[in-house]
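A.B. asks: Could you have a look at this structure, given as structure tokens, before my questions?
The values are calculated or read from the model by the stated rules, or taken from the named source; none is laboratory data. None of these values were measured; they are calculated from a predicted model. So basically every Cβ, Gly included, is an ideal-geometry build from the backbone, and we count neighbours across all protein chains shown. Protein only, heavy atoms only, side chains kept; ligands, DNA and RNA dropped before computing areas. Shrake-Rupley method; radii C 1.70, N 1.55, O 1.52, S 1.80 Å.
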Number of protein chains: 2
Amino acid sequence: MVTETLVGKSIPRIDAAEIVTGSTSYTADILPRGTLFAKLVLSTRAHALIKRIDTSKALAHPGVMGVVTGEDAPKYLVGRFLKDRPMLAQGKVRFVGEPVAAVAAVDKDIAEQAADLIEVEYEDLPAVFDPEEAMGPNAPLVHLAGSRYLDGAQGWVEPKGNIRNDVIMRRGDPDKAFAECDIIYEDTYRTHPTHQGYIEPHAVVASVDSESRITLWASNKGQFIVRNIVSEAFDLPKSQVKVIVTKIGGDFGGKGTPWLECIAVLLSKKTGRPVKLVLSRREDIILASVRHASIIRLKVGAKKDGTLHALKGEIIFECGSYADGGGGMAGRASTLVGSYKIPNVETRGLAIYTNSGPRGHVRAPGAPAPTFAIESHIDMLAKKLEMDPWEFRLKNALGEGDYDPDGHSIMRNVGLIETITKAREYVHREFRRGPNRGIGIACSLWGHAVGPSAMISGAYVRIEDDGRVVLYTGVGDQGAGQRAVLAQIVANELHIQPNQVVIGPTDTASTPFENGSGGSMTTFRAGNSARFAAMDARTQLFEMAAERLEVGQDDLELANGRIHVKGSPDRGYTIAEMARHALDTRGVPILGTGVKEKQELLKSMEASKGIMDGPAFCTQVAEVEVDPETGQVTVLRFLAAHDVGFAINPSSVEGQLQGGVVFGLGYSLTEQIMTSEGRVLNPSLLDYRLLTAKDVPNIEVLCIEVPSSQGPYGAKGVAEPPVIPTAAAIANAVFDAVGVRITEIPINAERVMEALQKSQDGTEVACLS
Amino acid sequence: MVTETLVGKSIPRIDAAEIVTGSTSYTADILPRGTLFAKLVLSTRAHALIKRIDTSKALAHPGVMGVVTGEDAPKYLVGRFLKDRPMLAQGKVRFVGEPVAAVAAVDKDIAEQAADLIEVEYEDLPAVFDPEEAMGPNAPLVHLAGSRYLDGAQGWVEPKGNIRNDVIMRRGDPDKAFAECDIIYEDTYRTHPTHQGYIEPHAVVASVDSESRITLWASNKGQFIVRNIVSEAFDLPKSQVKVIVTKIGGDFGGKGTPWLECIAVLLSKKTGRPVKLVLSRREDIILASVRHASIIRLKVGAKKDGTLHALKGEIIFECGSYADGGGGMAGRASTLVGSYKIPNVETRGLAIYTNSGPRGHVRAPGAPAPTFAIESHIDMLAKKLEMDPWEFRLKNALGEGDYDPDGHSIMRNVGLIETITKAREYVHREFRRGPNRGIGIACSLWGHAVGPSAMISGAYVRIEDDGRVVLYTGVGDQGAGQRAVLAQIVANELHIQPNQVVIGPTDTASTPFENGSGGSMTTFRAGNSARFAAMDARTQLFEMAAERLEVGQDDLELANGRIHVKGSPDRGYTIAEMARHALDTRGVPILGTGVKEKQELLKSMEASKGIMDGPAFCTQVAEVEVDPETGQVTVLRFLAAHDVGFAINPSSVEGQLQGGVVFGLGYSLTEQIMTSEGRVLNPSLLDYRLLTAKDVPNIEVLCIEVPSSQGPYGAKGVAEPPVIPTAAAIANAVFDAVGVRITEIPINAERVMEALQKSQDGTEVACLS
């Protein structure tokens, strides 16, 4: 009935002009009448009891309208996954920077002055920063013994000492298998915390009215998550909390837990006025839930013919003072298995509390570190086996019908081998080795968290009586253009131009529930919802047109925004005419909800439990040059060959992949939160060393399309995969260039130089720790 | 399946607390970031050519960000019914006060100063203010000969001279019939313009963004009408205009045409900033589309036995300079027939342009003036026939199956006789006559504009996963509590407490199209829509529950927010549980739209064309005392006996009826826009003389319930009917008290005194004109 033509085309984003001209409103631009400005008071201690907070001088300061401390906050603990964090410190601080109080004043400067007037008396407690030390029997406890916290997946959990989570995965008999191996390679890897690096810091405006209804403007990608947590925290019906998500200036996993939102609500309740709370860059770096540091011990054995046979690995994730999503990281230890068939495996993941700042989700949470380890290992094994690293990977690569690394699901529509062969072909043609110049390969997997529970996401498609179409979606757009892709899908299903579709209001009061962007799932989940809603609207149009034209629905076709009788283009109506007709005959506009279609997808997913449909594999290749005098690594070329399932908007997909590689390069080469006794030493983008345009090479992209049977038009997720193997590709390229193995990232000049010096001292493989 | 229990109960309004505590936001409270303040420049001439507008001094004034004149405006003419009014005067002004320019500045005072700096050079034209003069052959033309305007009902129309509309209705043979009458009474009546008297003046905030998308906060009861007119005026898709209706501080017909909105949009386009335009009280009285002045000539004949036999009447409505809804007034001349069976009738209605300010809709537009005439006549005829006025009315009263006064429709579910007999019973028991103290009766009819085209109105009912219910309705609430009644209906259908229902966003982007409040139709139209949407949601709940409980839907019942198996209260689920189940199994929340139910109502309406179901009749009785020394009329008691069909919320209905009578009393006794050569002499509420609480007697209400078969639960409209017969009841009571007939309203002391003096001079019936 419909010719699909719009998907698969690179259409400009519908919101591009307003973003690049600077007219888009971000949360910091929101200023309701009577808004107060808030400032946080941050803990100066890593671990201490709060003996006394004296707010009297601040309250006496002219222009100050209210102060809140932990005593004003409900006992409710905040967290998107694990609820273990008070809104404001209650009785105790657990990291340097933890908010202990907040001030609201008529002016930003006054708020800052008043924050300085708040006196906090602490009694220091012993603190622990090293996760291995924290696991020791006599380590200071970050959370009191007996603390019980609610975890979204596990229910009530109780940390054992500082061990938040401990997950072991085992299959086959690794101990026996290692004895059968011809070659075994073992090493230890380290990674450090990195910030999400979004340009817009955390920001919120909260307004609580006289009826306790809360309106929140939040730079948060999950408006319904915010709504649910805030309504729970303040014991309100969900419908009494309205979350308006403005444009988001980057998220990368960091904007999912509404702790800042809760503080703003507290202040608004206290003052009866709207309150704006925007973090400074310094505060944002200190307070953000950055990527976990990790220590990885990995041992892999293979047979002479190049068959991987046994693996044992342990990864310790440092969760900082509040774990939230960090507990889940322990489960990601299975990523140590990489993209390969290994029959005998044991992995252990540990998530450990320390007195560092909170750790949380960063683009592809939990995946880059273990991938850095296994893909470095793969190259070392290939070298020891004297095999071509391409061949070694192809020999062991996961394929159609294999189990996923967890061993839980059979994978379907697997594109790993295609990404390797296409990448090899490209690299052989285009990349060059040379003196101090090498090529490094790395593969990786991102398994969608696909399943009925992850698919709770609705969309409405309403047809206005001028034929324009409004899409209602609760998807937060973190800057990647997700909403534009959804509009493209709707336009495609209704056979109209993309600019005929507008995005309706996206707040929680106007759209159906949506799980929130994350896990590279937006296009997969919300794209399906938008598509189904458009299909439903289209069905209604066909039904009405068939009745009006007195023909069967099968006799009709839709083209260029018009439904007409097949073969008689004159006999028909435009969508606008049908929308007007719907108003006249039904009294209400056409609204597509896609309930039926969605239900069918959920049923088919339920029926295919144990099958992972369309994992997102990729192969990345770096060509680097290492300056032997300084250790400086320069990335000359970079290839990202990704199985994207189907590229609905190829230029958007390319943008996501390129952006992801840049993110991965920062993680590989320069970025690191430096601390001393829990105090962040480099809380500015300059010192933290985010990559700039000047640092980034041309990033070449190959989109391989092995369609998923469940994603819209076959699409798979593309947001997180490009971040995952980058560090390993760089490390392998450095090894290829100068023969030293770097096992700690970022791979900065200092580390490379040290390795080069050690190597000249006679050590073949430098192993820093 | 469901026990209906909540309708028919007096439940407090869900928004009462925030209104009475002053925390509600009205349009003037809206202040987007960067808002500019606007001021209008008003014409000082009644009719003149604009030779030149010099804005240079205003533009040079510091803080002024932009000025617009008619030259900046599109040629589009504004009007809700007839489009005959430029946004800003173009080439010519037609009344004293017509906006010729507007200034936007960073501050209200600066805007006012700058408005004073704008120089307008006029060339005066002859003007006309008296509608009868305006009908003369040599009268100055308010609109140039050949002007063609678009009328919503009539299509393109062209005024004939100053005659905008001329409607004649005839049945039987009145000329012959008068010859058959035993008694004939003839008189002339006059009414003057009155303001709607809302407390909140016209206000708007307009914000046009860089993509030409318009956001409007408007104190306007018809957000979709505003959206459609603004999008038409500025040539934009409807979806690019978002109208947010804040709380409205009274409307009474005056807030339906978005001319002020258009001026604010012009200024926002010009300046690139949000613009707020709030009229002062003086401006609002001068610029509002007030009630038409009228001149009525009426002749009615009856037979000796009291049978009304013939009627001839003419009413001239003065439309002012811009007619908008005024053209339609001519059709209301048939209201001269009143509530009675009269076989031989001829009425003529004329709508005439003059150089007075614009005239428009005021609560029960076009009905109070002719009712004042016919009901005064009825009492005079009764007196001449020496019949009891109750009996005379009962003898001629319209009843079940009679044609409406227009002669177009057969009326069903007619409650007139019940209102007369119940009122008589009450008055005989409670009211007292005495020296200078009399009782006056008047009846009236308000026929709903019911029909499929008036029923375009949608509602959505969404069930949140905590069991709370959100109603999406596009109904603007002008202060009468319409939305609260809709919530009550939804709660009733879902058998939950009213506070479990919240009203969702009400802007045009979030709700389905709705025709806008008006014509006492809100509860009728939108109440049906809300009910149907709730029924649809309920059906979905039953379907899901039946499947889950493995029983038939008929085996289930809904009570106290829970669906359970009949006879087994333990076997069931709460609405919250079912809502959660819907998310899990369908991926999207339950959304009731009521499309099917609405379609059935529209079909049944279409099938019953020619039938007016449930006209709203009433009988009002005044007990007054007249001070013979001063002519001052004091209303001692007042009874309003109304057929309301069914009172969904009796205390709301009572409030509407009492408020309506107060409105009618102001119209009867004190209110009048005084002018001299088109210049308003009393542009303040003090001089205009709105009634105060002190002036108002206890108003007793009798709700008679003759259910409509189409309204929700049988409800009929109650907003406009109470305004209609009040003036006649007062005039009849004055006559009863002191024997003088007042034929011009307001019936102030001056007019009564003059009549008393004339009566002492020997005239039995004083007839001022």
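A.B. asks: Can you tell me the dipole magnitude for chain A around its Cα centre, using point charges on the Cβ only (Lys, Arg +1; Asp, Glu -1), in Debye to the nearest 20? Working shown, then result.
C.D. replies: Details: 81 positive and 95 negative charges, 167 e Å.
Result for chain A is approximately 800 debye, rounded to the nearest 20.
A.B. asks: Now a separate question. Between A:E425 and A:Q497, how high is the FRET efficiency from 1/(1 + (r/R0)^6) when r is the Cβ-Cβ distance and R₀ = 56 Å? Nearest 0.05.
C.D. replies: Working: r = 38 Å, r/R0 = 0.67.
That pair, A:E425 with A:Q497, gives E of 0.90.
A.B. asks: For peptide B:10-23, compute the average count of partner chain beta-carbon atoms within 10 Å of each residue's beta-carbon. List each step's numbers first, then the result.
C.D. replies: Details: counts 0, 0, 0, 0, 1, 1, 0, 2, 4, 0, 0, 2, 1, 4.
Per residue, the average neighbour count from other chains is 1.
A.B. asks: Considering only DSSP beta bridges whose two residues both sit in chain B, what percent are antiparallel, to the nearest 5? Numbers along the way, then the final one.
C.D. replies: Working: 104 of 137 bridges.
Counting DSSP beta bridges with both partners in chain B, the antiparallel share is about 75 percent.
A.B. asks: Next question, about the same structure. Under 5 Å between amide H atoms, partner at least 5 residues away or on a different chain: which partners does A:L36 have, H built in plane at 1.01 Å?
C.D. replies: A:V275, A:K276
A.B. asks: Separate question: Return the Cα extents of the protein assembly as shown along principal axes one, two and three, sorted largest first, each rounded to a whole Å.
C.D. replies: Principal-axis extents of the Cα atoms in the protein assembly as shown, largest first: 135, 68, 61 Å.
A.B. asks: How large is the dipole of the protein assembly as shown about the Cα centre if only Lys and Arg carry +1 and Asp and Glu carry -1, each at its Cβ, rounded to the nearest 20 debye?
C.D. replies: Details: 162 positive and 190 negative charges, 6 e Å.
Computed charge dipole of the protein assembly as shown: roughly 20 debye.
A.B. asks: Going through the cross-link list A:K603/A:K716; A:K269/A:K598; A:K384/A:K716; A:K83/A:K247, which pairs have a Cα-Cα distance over 31 Å in this structure?
C.D. replies: Long pairs (Cα-Cα over 31 Å): A:K269/A:K598; A:K384/A:K716.
A.B. asks: Would you work out what percent of the accessible area of chain A, with all protein chains in place, is carbon or sulfur (probe 1.4 Å)?
C.D. replies: On the way: 12920 of 26450 Å².
Exposed carbon and sulfur together represent 49 percent of the surface.
A.B. asks: Between A:M674 and A:K694, what FRET efficiency comes out of the Förster formula 1/(1 + (r/R0)^6) with R0 = 22 Å and r the beta carbon distance, rounded to 0.05?
C.D. replies: On the way: r = 22 Å, r/R0 = 1.02.
For R0 = 22 Å, the calculated efficiency reads 0.45.
A.B. asks: To the nearest 20 Debye, how big is the dipole of region B:198-292 about its Cα centre, given +1 on the beta carbon of each Lys and Arg and -1 on that of each Asp and Glu?
C.D. replies: Numbers: 14 positive and 9 negative charges, 29 e Å.
For this selection, approximately 140 debye.
A.B. asks: If I model a spin label as a point 7 Å beyond the Cα along the Cα-Cβ vector, how far apart are those points for A:S651 and A:A145 in nm?
C.D. replies: The modelled label-to-label distance comes out at 6.3 nm.
A.B. asks: Once the label point is placed 7 Å from Cα along Cβ, list for A:D173 the distances to the corresponding points in the other copies, in nm, shortest first.
C.D. replies: Listed shortest first, these distances are 11.9 nm.
A.B. asks: So how much accessible surface do A and B hide from each other in total, probe 1.4 Å, in square angstrom to the nearest 100? The partial results should precede the final answer.
C.D. replies: On the way: alone 28500 and 28530 Å², together 52920 Å².
Counting protein atoms only, the buried area is about 4100 Å².
A.B. asks: Sticking with this structure for a sec: Hey, what number do you get for chain B at 222 nm if only DSSP H runs of n ≥ 4 count, each worth -39500 (n - 2.57), divided across all residues, to the nearest 500? Before the final figure, lay out the partial values.
C.D. replies: Numbers: 20 runs with 222 residues, N = 769.
Computed mean residue ellipticity for chain B: -9000 deg cm²/dmol.
A.B. asks: Find every distance from the label point of A:I199 to the corresponding label point in the other copies (7 Å from Cα along Cα→Cβ) and write them in nm, one decimal, shortest first.
C.D. replies: Listed shortest first, these distances are 4.8 nm.
A.B. asks: Please label the shape of region A:152-195 as rounded, prolate or oblate, based on the square roots a ≥ b ≥ c of the eigenvalues of the alpha-carbon gyration tensor (a/c under 1.5 means rounded; beyond that, a/b larger than b/c means prolate, else oblate).
C.D. replies: In terms of gyration-tensor shape, oblate.
A.B. asks: Something else about it: Given label points at 7 Å from Cα along Cα→Cβ, what nm distances, shortest first, separate A:D687 from the same residue in every other copy?
C.D. replies: Reported distances to equivalent positions: 7.0 nm.
A.B. asks: Would you mind computing, in nm to one decimal, how far apart the modelled labels at A:D166 and A:E543 are, each placed 7 Å from Cα along Cα→Cβ?
C.D. replies: Result: 5.8 nm between the two label points.
A.B. asks: What is the set of long-range amide H partners of B:K242 at a cut-off below 5 Å, with H atoms built 1.01 Å from backbone N?
C.D. replies: Amide H neighbours of B:K242: B:I214, B:T215, B:L216.
A.B. asks: Shifting gears a bit: Under 1.5 on a/c is rounded, so check that first for region B:342-481, then, if it is not, pick prolate when a/b is larger than b/c and oblate when it is not; a ≥ b ≥ c are the square roots of the alpha carbon gyration tensor eigenvalues. Present the calculation step by step, with values, prior to reporting the outcome.
C.D. replies: Values: a/c = 1.98, a/b = 1.60, b/c = 1.24.
Verdict is prolate for region B:342-481.
A.B. asks: Provide the per-residue ³J(HN,Hα) series for region B:91-100, in order, calculated from phi with Karplus coefficients 6.51, -1.76, 1.60 and θ = phi - 60°, each as a whole number of Hz, with x at glycine and proline positions.
C.D. replies: Couplings: x, 7, 10, 10, 7, 5, x, 4, x, 10 Hz.
A.B. asks: Find which of B:A369, B:I316, B:L36 sits farthest along the positive direction of the dipole of chain B, computed with +1 on the beta-carbon of Lys and Arg, -1 on that of Asp and Glu, about the Cα centre.
C.D. replies: Highest projection toward the positive end goes to B:L36.
A.B. asks: Another question, if that's okay. Which cross-chain or sequence-distant (5 or more) residues have an amide H under 5 Å from the amide H of B:R571, H modelled 1.01 Å from N in plane?
C.D. replies: Under 5 Å from the amide H of B:R571 lie the amide H atoms of B:V565, each far enough along the sequence or on another chain.
A.B. asks: How long is the gain from A:K596 to A:A153 if the chain were fully straight, where each residue apart is worth 0.36 nm and the alpha carbon distance is subtracted?
C.D. replies: Working: separation 443, 0.36 × 443 = 159.48 nm, distance 2.82 nm.
Contour length minus Cα-Cα distance gives 156.7 nm.
A.B. asks: Among DSSP beta bridges lying fully in the protein assembly as shown, give the percent that are antiparallel, nearest 5. Working shown, then result.
C.D. replies: Working: 208 of 274 bridges.
Here the share of antiparallel DSSP bridges comes out near 75 percent.
A.B. asks: Also: Which parts of region B:81-95 would a label at B:E121 reach, counting a residue when its backbone N lies under 17 Å from a point 7 Å out along Cα-to-Cβ?
C.D. replies: Under 17 Å, as judged by backbone N against the label point of B:E121, lie B:91-93 of region B:81-95.
A.B. asks: Quick one: in chain A, whose Cβ comes closest to the A/B rotation axis, and how close in angstrom?
C.D. replies: A:S510, 2
A.B. asks: Please report the relative contact order for chain A, taking Cα pairs under 8 Å with a sequence separation of at least 6, and give it as a percent rounded to a whole number. The partial results should precede the final answer.
C.D. replies: On the way: 2001 pairs, mean separation 116.9, N = 769.
Dividing the mean separation by the residue count of chain A yields 15 percent.
A.B. asks: Once you sort the root eigenvalues of the Cα gyration tensor of chain A as a ≥ b ≥ c, which label holds: rounded (a/c under 1.5), prolate (a/b larger than b/c) or oblate (the other case)? Write down the numbers at each step before the final one.
C.D. replies: Numbers: a/c = 1.86, a/b = 1.10, b/c = 1.69.
Oblate.
A.B. asks: Separate question: Spelling out what I want: for every residue of region A:135-140, take phi, set θ = phi - 60°, compute 6.51 cos²θ - 1.76 cosθ + 1.60 (Karplus), and round to whole Hz; glycine and proline get x.
C.D. replies: Once θ is set to phi - 60°, the couplings for region A:135-140 become 7, x, x, 9, 5, x Hz.
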